Amino acid sequence: MSSNGATANGSPRSIDRLVTLGYITAVSIPPIGLILGIVLAIGSRRASSRHAPWVIAVSVAAAVVWVLVLASGALRTASTDY
């Protein structure tokens, strides 16, 4: 602990929040989720590095799904055909 009370490493809570944010953005915004997955992989904590490959995998899978949805035209126009 330094003289101002700060610790050298982030608290486990902030690491957990980063992991959670990684999963959420991996699905909703895959490029940002991929970046967060790489950040988690570079981090030294074992809990974050354990989740890093999963965040990266979810990000890649979600990117493929988003590309397929956008390419199919599902979000292009509203259809009134029932």
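Of A52, A26, all but one fail to be among the small types (G, A, S), more than 8 Å from the chain's Cα centre (by Cα), crowded, with 17+ Cβ neighbours inside 10 Å and at pLDDT 80 or above; the exception is A52. The condition of being part of a helix (DSSP H, G or I), of a type in the set (A, V, I, L, M, F, W, C), at pLDDT below 95 and in contact with a His (Cβ under 6 Å, 6 or more places away or on another chain) holds for V19. Is it the case that V64 is among the aliphatic types (A, V, I, L, M), over 27 Å from P12 (Cβ atoms) and at pLDDT 85 or above? When the stated conditions are applied, V64 passes them.
Applying a threshold of 8 Å to beta carbon distances and a minimum spacing of six or more residues, or different chains, the list of pairs starting in the stretch 62-76 at a residue that is in contact (Cβ under 8 Å) with a residue 12 or more places away in the chain and ending at one that is surrounded by 11 or more Cβ atoms within 10 Å (Cβ to Cβ) and of a type in the set (A, V, I, L, M) reads A62/A26; A62/V27; A63/L34. For the stretch 29-75, enumerate the residues that are part of a helix (DSSP H, G or I) and basic (K, R). If the condition is that a residue be part of a helix (DSSP H, G or I) and basic (K, R), then R46, R50 are the ones that fit. You will find that of L34, L75, the residue that is modelled with pLDDT under 90 and in contact with a helix residue (DSSP H, G or I) (Cβ under 7 Å, 6 or more places away or on another chain) is L75 and no other.
The values are calculated or read from the model by the stated rules, or taken from the named source; none is laboratory data. Not measured: the values here are computed from a predicted model. Neighbour counts are summed over all protein chains in view; Cβ atoms, including those assigned to glycine, are modelled from backbone coordinates with ideal geometry.
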